Structures are given as structure tokens and as C-alpha cells.
There are 2 protein chains.
Amino acid sequence: MRAISQQNFIQQLSIDCVIFGYKDGNLQVLIPKLNLIGDFWALPSGFIFQHESIDQAAQRILEERAGLKEVFLDQFRVFGDAQRTNRAFFKKMVDLNQEKFGEIFIEKDDYDWITKRFVSIGYYALVDINKVNPRTTELDESIDWYDVHDIPEMILDHNQQVQQALEMLRINFDHKLIWFNLLPEKFTMKELQKLYEVVFDKPFRRNNFQKKMLDLDVLERLEKKFTGAANKAPFLYRFKK
Amino acid sequence: MRAISQQNFIQQLSIDCVIFGYKDGNLQVLIPKLNLIGDFWALPSGFIFQHESIDQAAQRILEERAGLKEVFLDQFRVFGDAQRTNRAFFKKMVDLNQEKFGEIFIEKDDYDWITKRFVSIGYYALVDINKVNPRTTELDESIDWYDVHDIPEMILDHNQQVQQALEMLRINFDHKLIWFNLLPEKFTMKELQKLYEVVFDKPFRRNNFQKKMLDLDVLERLEKKFTGAANKAPFLYRFKK
């Protein structure tokens, strides 16, 4: 198992990644189960090297902890309650896993370091589940997609982080839509509406939705989709460059 | 002058406050000029004690550095480039101000601490300039409101922070409108439109604006404003509870 040392990290600062996945009309969240005695789920997380930016750290952590590369990751919130790192809980986790932690954290100082208060920068992304291949690392027993309505209880404030990330995803969805890259190059208004309905977890009225989308001024209308029945065929759209 | 010691702070983590002020149809930013040899402007900034949450720290810093209490402050972005703390610049500032820094930072270790890389959490607020009384502290030579189009060159990435805060203010404006508390209890659609035009720095078309606002479903329509000419009098609105 890889040793983690505090030496080259910024102290008391971490990064957590909330990775939403879209597939078959469902919104899911990517969550590893830690390779420890006891059932501990936690968001893909890590620390910031002195020489890298926080954005670079987030990308590296997501690659190291979940095998995902070149994902459009963005910050959504910093979690900085003085009591968010439950030291009693952490101590229990460490005690249960003395041997494993002994392999991960070589020095006694590193145990102390990891149980200090941490301020954590939350990053989020929304990916097409068909286009990514998460993998476990030596730190994890498994890594799975969970329906956003049915997420396991995680350590620290990670469940709360998912809720806040979802709120930010919704607030920014109109603005970030193009970056998320969740639709084929050409798509129908109905496909776009389905994506919105999954993210917002509620139905939209067809006419209102279409008007809202056209008002955003990000769509370019193309030819009709070929379905054989020309008069009922829906128009295709793509995002303006 | 008050001594600042690294002892009780989280290392390498700071908070910067972008305080927008609204007055007479103008958007302004509150910026202190540091009480140093050389002309150095900087956002109201500070560090996080081990025992306080980042939100508490932001409130305390804003009170200590600008005399503002109970302001609706919110995070908008973390600034974490590895090179954002220009150590050469800081060294020059320290060298120019040996004597003053000697009074602020007692120990040699504290000099070193302050010139390390810092990750900074940006907080922002929008206040009614008529309702607040900024004051200078011993760290500042002056503190003034500057028009958002005419801001002095500040240290570090503080000018960039103002731009990013403004972007976030606009993205969140519909959602945060009620919290900002910038209008009288009852107001006309025209007054609301003027506020939007100042924040977004562009004109809105009256009918479109009114429709957008009513669609937000946060306004309650009241009686007409008494002007003497009943048929032309505008309706008054207030925010729904």
C-alpha cells in the first residue's frame, strides 16, 4: 500500500470530489468504499501538494482515486466548520484499522496530522456514465455509482456535500450546460428536457421549457430529425459555438 | 500596533472579502489602503483561528478590518494557484516596511509564515452604502468606496477576485435578492429594475424585466403608489415572506 506523508502537502486543507453521473434518465453519484475494517464510504478525496494549484490537485485526486481523467471539474463550496472533522470518529476508525493505517501513514506525526481539523474544498462534475470507467485503488474496497436518492451514509459531512453540490449544479446548469457534454452533437428538445428533468428531479411543461431554452440563446436549430413521418418529426438542435 | 502571530491560525489559508456597495445608482467596492510605506491597496483580509468556522472568521475579519457587522457574507470562490502569492513582491513590501512589519510580526518565524503560499477563500457581500459605516484600523491608512469601473491596482490577485465576485453576484442575484436588503420594504418595479441595471451594468427592457421578475415568484403586488395621478401611478411590490 502506498505511504501517505504530510511532508509535501498544505496542512489542514483537503479536496473532496462529488461526481454526478447521468445514465438512462438517472442521476447517480460515484462513491468509493474504503478498504478498511468497518463499513466506511467517503467521497474521492485527497490533499494539495505545495507545488500544484488547487484545480490541478482536484484533477490529480480524481484520477488517483477514481481513474477519471480530463473531467470538467469545478469548485462549488468550501466546508469549514471548526467541528466538521469528528476526531472521536476518526480515532475509532484509526483504532479499528491500526495495521492498515500503519502501512499508509508511516510516521506517528502523520497519524496526528490526519486527525487534525481540515477545511475542505468541494469540487463537482457531471459526467456521462457511458463514457467513463471508474476503477478502485489500493485505498478502496469498491467504487460504485449510487442513485442520488439512495446514497450510503458517508464519513464527515460528505452526505451534506452531495446535497450542496446538487444545489450548485442546478443553479449553474443553464450556464454550464455546454461544458457537461451530456448530449449527442445533435439532439432534440425532448432529449434536452429529459436531462433537465433528471437534474432538477421534477417535470417541466413542454412549451415553457422550450421557450426558456430558446431564450438562453445557446441553441442552434438544425434540420428535422428523420423519422419517416416528416410532419411530426422533431427539430434537431446543437449548441452554438 | 497590534501584533499578529501565526500561532493560532490555520497555516497557508486566508480569507478575502469583496464588499460591494449600492448607492445612488452606482455599484462600488470597499477597499482599504494599507498603512505602509509605498502605495498598497488590498481587500479586507485575514486568517482563520483554529477554533472558529470559516464563516465566523469571515465575519470577524470584516468587522476587524472594516468595522462592518452582521453583513450577509457568502463564499464565492477559492483562489488557489500555486504562484498566486508573489513572494518577490511580498519581500519588497516587507523590505520597504521593515520597521512597521517589526511591530506587526514579532517573531522572525512569523515573517516567513506570511510570505508562504496562501490559498484564499473569497467571500462577498452587497450592502446599502447608506446603512454602513466603514472605519479604518491601525493596519490601514484609509478605507474608501471605489466605483466598480475604477478600482485601484491591488496586491496579489485581488483585482481578479473582484471580477469573479461580480460574476457570482450576477449568477446568484435572482436567488439572493431578498437577502441583500437593498430596497425599501415597499418598492416599485422601476426601483427594482434600476438595482438590476446597476448590478448587471446594462439596461433591461421594461416589459421583459417585469415578466422575468413576476416569473421568479418572489414578489407580492400591493396597492398603487400614491402620486396624485391615480391612473398613471405604479404598483408597489414587496418580497414574499
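The values are calculated or read from the model by the stated rules, or taken from the named source; none is laboratory data. Just so it is clear, the model here is predicted, and its values are computed rather than measured. Here the Cβ is made from the backbone with ideal geometry for all residues, glycine too, and neighbour counts use every protein chain on show. The protein model used for the area step is the full one, side chains on, heavy atoms only, and it has no ligands, DNA or RNA in it. Shrake-Rupley method; radii C 1.70, N 1.55, O 1.52, S 1.80 Å.
Descriptive notes on the structure:
- Qualifying positions in the range B:197-241 - outside any helix (DSSP H, G or I), touching a residue at least 40 places away in the same chain (Cβ under 8 Å) and within 29 Å of the chain's Cα centre (by Cα): B:201, B:218, B:237, B:238, B:239
- Counted residues, the range B:58-73 - those being in a helix (DSSP H, G or I) and more than 14 Å from chain A (Cβ to nearest Cβ): 5
- For the range B:169-188, the criterion of a residue being assigned by TED's automatic domain parsing to the domain that holds residue B:222, modelled with pLDDT of 90 or more, surrounded by 14 or more Cβ atoms within 10 Å (Cβ to Cβ) and β-branched (Val, Ile, Thr) is satisfied by at least one position.
- Only one entry of B:151, B:143 meets the criterion of being in the same structural domain as residue B:89 (by TED's automatic domain parsing), in contact with a Ser or Thr (Cβ under 7 Å, 6 or more places away or on another chain) and either modelled with pLDDT under 90 or of a type in the set (A, V, I, L, M, F, W, C) (or both), and that entry is B:143.
- Selection count where residues are away from every other protein chain (no Cβ under 14 Å) and in contact with a strand residue (DSSP E or B) (Cβ under 6 Å, 6 or more places away or on another chain), scope the range A:111-127: 3
- Sole exception among (1) among the small types (Gly, Ala, Ser); (2) closer than 20 Å to residue B:100 by Cβ; (3) within 14 Å of another protein chain (Cβ to nearest Cβ) for residue B:88, by number: (3)
- Leading residue by the ranking (farthest from residue B:67 (Cα to Cα)) among those in the range B:132-180 that are under 15 Å from the mean Cα position of the chain (by Cα) and among the polar types (S, T, N, Q): B:172
- Options B:16, B:55, B:95, B:39: the member that is open to solvent by 70 Å² or more (accessible area, probe 1.4 Å), not in a helix (DSSP H, G or I) and not aromatic (Phe, Trp, Tyr): B:39
- Taking the criterion of being away from every other protein chain (no Cβ under 14 Å), touching a strand residue (DSSP E or B) at 6+ places or on another chain (Cβ under 9 Å) and at pLDDT below 90, the residues of the range B:1-39 that qualify are B:4, B:23, B:35, B:36, B:39.
- Matching residues in the range B:137-155 - criterion: being out of contact with any helix residue (DSSP H, G or I) (no Cβ under 8 Å at 6 or more places or on another chain) and part of a loop (DSSP other than H, G, I, E, B): B:138, B:149, B:150, B:152
- Number of residues in the range B:75-85 that are at the interface with another protein chain (Cβ under 7 Å from one of its Cβ atoms) and touching a strand residue (DSSP E or B) at 6+ places or on another chain (Cβ under 8 Å) equals 4.
- Of the listed requirements (1) over 30 Å from residue A:182 (Cβ atoms); (2) modelled with pLDDT of 85 or more; (3) open to solvent by 10 Å² or more (accessible area, probe 1.4 Å), residue A:80 misses just one: (3).
- Residue list for the range B:182-196, filter: part of a helix (DSSP H, G or I), within 11 Å of residue B:237 (Cα to Cα) and touching a residue at least 12 places away in the same chain (Cβ under 8 Å): B:189, B:190, B:192
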